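Please treat every number below as a calculation from the coordinates, not as lab data. Source: prediction; values computed, not measured. Quick reminder, even Gly has a Cβ in these numbers, built from the backbone with ideal geometry, and neighbours come from all protein chains shown.
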Amino acid sequence: MGIEVLLNREAEWLMGSGPDSGVVVSSRVRLARNLRGIPFPGRAERDARVRVREMAEEAFEGSALMQGAIAVRLDEVGEIDRQFLVERHLISREHARGDEGSALAVGEKEIMSVMINEEDHLRLQALRSGFQLGEAYREVDALDDDLERAMEYAFLPTVGYLTSCPTNTGTGMRASVMLHLPGLVLANQIGQVIQAIAKLGLAVRGLYGEGTEVSGNLFQISNQGTLGKAERDIIEEIEGVINQIAEHEKKARQALYRKNFRALEDRVCRAYGLITSARIITSKETIDLLSALKLGLDFGLVEIDRGTINDLFIVTQPAHLQKLAGRELKPEERDAMRADIIRRRLKERGQPKAPGGGAPPPGAAA
């Protein structure tokens with residue numbers, strides 16, 4: 001099995017079926033691990049990096065949790081394939097360089113995956129739909145235990161797991177949540193929220209993590225430090241913050257509904273009209289319009305499966321379009337193909353309700 005399998009395989013984190021999925025798109029927990037006695041990737045020679053890859057691949061074969069995983073050697077595939085994996089949130093942009101010895105293993109429904117020879121020897125990941133940080137942690141922790149039986153990690157009792165970046169040392173864990181926050185953005189409250197998050201020592205990033213801009217009202221929130229903290233304490237800390245943000249978002253949506261429903265309805269209906277009639281559409285415009293449709297779904301203004309909207313955020317990205325086309329596409333070809341895919345999928349799976357047919361979000365006054 002190769003990368004092509006992922007094109008037609010449903011990713012669990014895009015289904016929109018998890019808890020609080022109207023606000024929380026996905027939950028992810030990553031663990032950074034290095035192998036004892038082998039230089040970390042940034043300083044390792046080719047032979048050492050290849051050795052790590054071979055050890056990891058052998059460990060996967062003996063792991064019940066990674067049976068049937070798709071294996072990809074990134075130094076053996078092209079740039080479009082690597083960018084495709086970035087778009088699916090399976091590898092980082094740094095990993096997409098495809099340095100010698102770098103690889104990826106992807107489990108069923110893309111819930112579990114492992115990056116090999118990124119910044120650390122191993123980056124274990126569990127990715128879930130909706131607000132499921134606890135479940136994601138339990139799954140990646142089980143995989144961690146499974147692999148540690150086959151490989152010896154670099155670990156000091158007084159410090160914890162040793163990592164390339166000091167900020168990951170200790171638990172080696174990064175927990176993150178993808179949030180859709182149009183209510184706070186439209187209410188001009190998002191700046192205050194971001195400032196409050198930063199004071200708590202959490203990071204706020206865009207759709208594709210570090211170094212990416214926020215678009216489509218999508219925000220990634222994650223912990224920054226791991227040293228001196230237990231894994232469950234980090235999870236509980238982030239869960240507490242996310243619960244507060246989700247509550248503020250819901251209240252902002254309720255206020256917008258009560259005070260200016262017509263403007264919201266107009267925004268959603270205009271977005272639907274444009275995105276379903278456009279013949280050429282850019283990636284950025286697509287993300288913004290899908291964000292409006294996603295909000296419209298939560299207000300009861302459109303009848304579209306949440307998973308369809310989530311999937312369109314990903315499948316309309318440049319590398320996905322080129323994988324579907326089976327060839328490299330010029331920007332204008334991508335814009336035309338993107339518009340065609342959106343029209344087709346929304347025609348099959350959704351339609352706008354009649355004006356005034358929306359229902360208030362939970363807790364909103366009638």
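What full-extension length gain, to one decimal in nm, is calculated for residue 138 and residue 195 as 0.36 nm per residue of separation minus the Cα-Cα distance?
Result for the pair: 17.5 nm of gain on full extension.
I want to verify the translational diffusion coefficient of segment 1-135 in µm²/s; compute it with Stokes-Einstein, Rh as the Kirkwood radius over Cα pairs, at 20 °C and 1.002 mPa s.
Details: Rh = 15.3 Å.
Taking Rh from Cα pairs, D becomes 140 µm²/s.
Find how many whole Å separate the alpha carbon centroid of segment 1-54 from the alpha carbon centroid of segment 229-262.
Cα centroid of segment 229-262 versus Cα centroid of segment 1-54: 27 Å apart.
What does the extension gain come out to for residue 61 and residue 45, with contour length at 0.36 nm per residue minus their alpha carbon separation?
3.3 nm
Explain nothing, just the number: relative contact order of the chain, from Cα pairs under 8 Å at least 6 residues apart, as a whole percent.
Values: 671 pairs, mean separation 68.8, N = 366.
Reported relative contact order: 19 percent.
Using a Gaussian network for the chain with springs between C-alpha atoms less than 10 Å apart, which of these wobbles most: 312, 90, 127?
Looking only at 312, 90, 127, the largest GNM fluctuation is found for 312.
With only alpha-carbon atoms in the gyration tensor, what are the semi-axes of the equivalent ellipsoid for the chain, in Å, largest first? Provide the component values of the computation, followed by the final result.
Numbers: eigenvalues 270, 126, 50 Å².
With the √(5λ) rule applied to the chain, the semi-axes are 37, 25, 16 Å.
Distance in nm between label sites at residue 97 and residue 233, each 7 Å beyond Cα in the beta-carbon direction?
Here the modelled spin labels are 3.4 nm apart.
Taking the dipole about the Cα centre of the chain, with the C-beta of Lys and Arg at +1 and of Asp and Glu at -1, give me whichever of 235, 31, 300 is farthest to the positive side.
300
Quick check on the chain: helices-only [θ] at 222 nm, where DSSP H runs of length 4 and up contribute -39,500 (n - 2.57) each and the sum goes over total residues. Nearest 500, please. Write down the numbers at each step before the final one.
On the way: 11 runs with 158 residues, N = 366.
Computed mean residue ellipticity for the chain: -14000 deg cm²/dmol.
Rounded to a whole number of µm²/s, how large is the Stokes-Einstein D of segment 236-299 at 20 °C and 1.002 mPa s, given Rh as the Kirkwood radius over C-alpha pairs? Before the final figure, lay out the partial values.
Working: Rh = 13.4 Å.
Calculated translational D: 160 µm²/s.
Using amide H atoms built 1.01 Å from N in the peptide plane, name the residues 5+ places from residue 302, or on other chains, whose amide H lies under 5 Å from its own.
Amide H to amide H, under 5 Å and 5 or more residues apart or across chains, residue 302 pairs with 297, 353.
For segment 160-260, take the alpha-carbon Rg, divide it by the Kirkwood Rh, and send me Rg/Rh.
Values: Rg = 15.1 Å, Rh = 14.5 Å.
In segment 160-260, Rg relative to Rh is 1.04.
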